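A short write-up of the structure that comes next.
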Amino acid sequence: MNRCSTPMAASSTSDWRRLNQANWDERTAFHLGPRGYDLSSHRAGRGRLDAIVEAEIGDVSGLSILHLQCHLGDDSVALAQRGAKRVVGVDFSPPALAAARSLAAECGLTNARFVLSDVLAAPAVLPGEAGAFDLVFTSWGTICWLPDLEAWAAAIAFALRPGGALYFADMHPVARVFDDGGACADGFPGWRFPYFEPGPWRLDDPADYMDAEARLTNSLTVEFQHPLASILAALRGAGLGLDWLREHPCLVWKPFAGCLRDAQGLWTWPDRPWLPLALSLRAVKA
Ligand SMILES: C[S@@+](CC[C@H](N)C(=O)[O-])C[C@H]1O[C@@H](n2cnc3c(N)ncnc32)[C@H](O)[C@@H]1O
């Protein structure tokens, strides 16, 4: 296999929040533009969820839901439109939250609100909400931005009532080891960073995953690699027991150039399921 040019390990984590927030603030404008997120189903009254979440999330009617790293609020709105009693979205990007508030208002929702915060500081900004949620929902591009999974799991445990559940779906940590830099001739990916090295990894990428024409000025980000065992240990340490865990040979975005779209709109391997591309799990607070 090839070894692609690996990103440099950041010398410190001190600037991770500032760099990542600037990057997400800038991305938000592209995600609201013509090549951004398709919010038409939300505006029509029932926002689409991706095929993995749709199949796994179950009935959310009547639930109080905390949506961590809600971005434009599209999934928050979709959950509210499925009958959730209320949805609280948390994100640290002011333009993303402004977009989420405006989407919820446009959709006529009164059961969705949005709170500006670092996800790791959620307990501090939601002091009256300890144990107030039936479900914590977080999906697709979340923990790679967080240096501290123990604090992440503690925020989830803080928010959930006993018997409440976390639903988590994201790129599989094994798939994150690879990328197209140094890809093999047959379209298979090369190495990105080692599975067992947490980083921080400083990346410089002006591209956006939605808008192929976007060129980000705030292209520097700091990401973190969390192996599967670390995710499970953090949840267990915070008092959440695993209900189920699934590994999927498909993902909601195109991870590697050689991947193809399946009938459900997910991206998968062209021939055989070589590696897991997505991970989803449900964990319940004792
Ligand atoms: C890929 S999006 C989340 C996925 C969402 N389901 C989506 O596809 O739109 C990542 C989000 O995480 C937010 N984010 C990144 N780091 C964060 C942090 N430390 N605290 C709160 N939000 C953060 C970003 O602002 C962005 O809105």
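Computed from the coordinates by the stated procedures, all read-outs in this text should not be read as laboratory data. Given the structure is predicted, the values throughout are model-derived calculations rather than measurements. When we count neighbours, we look across all protein chains shown, and the Cβ atoms used for this are built from the backbone with ideal geometry, even at glycine.
When 40, 64 are checked against the criterion of being among the small types (Gly, Ala, Ser), over 15 Å from the mean Cα position of the chain (by Cα), more than 12 Å from the ligand (Cβ to nearest atom) and more than 18 Å from residue 111 (Cβ to Cβ), 40 stands alone in meeting it.
What tally of residues in the range 115-133 results from selecting those that are within 11 Å of the ligand (Cβ to nearest atom) and over 22 Å from residue 150 (Cβ atoms)?
Going through the range 115-133, the residues within 11 Å of the ligand (Cβ to nearest atom) turn out to be 115-122, 125.
Within this subset, residues satisfying the condition of being over 22 Å from residue 150 (Cβ atoms) are 116.
Result for the range 115-133: 1.
In the set (1) crowded, with 20+ Cβ neighbours inside 10 Å; (2) more than 9 Å from the ligand (Cβ to nearest atom), the condition left unmet by residue 74 is number (2). Criterion first (without any contact (Cβ under 8 Å) to a residue 40 or more places away in the chain, away from the ligand (no atom under 16 Å from the Cβ), touching a helix residue (DSSP H, G or I) at 6+ places or on another chain (Cβ under 8 Å) and more than 26 Å from residue 63 (Cα to Cα)) does residue 206 satisfy it? Spelling it out, it is not the case that residue 206 is without any contact (Cβ under 8 Å) to a residue 40 or more places away in the chain, away from the ligand (no atom under 16 Å from the Cβ), touching a helix residue (DSSP H, G or I) at 6+ places or on another chain (Cβ under 8 Å) and more than 26 Å from residue 63 (Cα to Cα). Looking across the range 150-175 at every residue that is surrounded by 21 or more Cβ atoms within 10 Å (Cβ to Cβ), of a type outside the set (Val, Ile, Thr) and part of a helix (DSSP H, G or I), the one that is nearest to the chain's Cα centre (by Cα) is identified as 152.
Among the numbered conditions (1) out of contact with any helix residue (DSSP H, G or I) (no Cβ under 9 Å at 6 or more places or on another chain); (2) within 14 Å of the ligand (Cβ to nearest atom); (3) among the aromatic types (Phe, Trp, Tyr), the only one that residue 178 does not meet is (2).
The condition of being surrounded by fewer than 20 Cβ atoms within 10 Å (Cβ to Cβ), of a type in the set (A, V, I, L, M, F, W, C), more than 11 Å from the ligand (Cβ to nearest atom) and under 17 Å from the mean Cα position of the chain (by Cα) holds for only one of 51, 29, that being 51. Contact map, the range 100-124: residues that are more than 14 Å from residue 79 (Cα to Cα) paired with residues that are more than 9 Å from the ligand (Cβ to nearest atom) and among the small types (Gly, Ala, Ser), Cβ distance under 6 Å, separation 6+ or inter-chain. Pairs shown: 120/151; 122/155; 123/155. Within the range 138-149, the residues that satisfy the criterion of being under 20 Å from residue 195 (Cβ atoms) and not in a loop (DSSP other than H, G, I, E, B) are 143, 144, 145, 149. Taking the range 176-203 as the range and being part of a strand (DSSP E or B) and closer than 15 Å to residue 274 by Cβ as the test, the residues that pass are 178, 179, 190, 191. Within the range 237-281, the residues that satisfy the criterion of being closer than 17 Å to residue 50 by Cα, touching a residue at least 40 places away in the same chain (Cβ under 8 Å) and in a strand (DSSP E or B) are 246, 247, 248, 250, 251, 278, 279, 280, 281.
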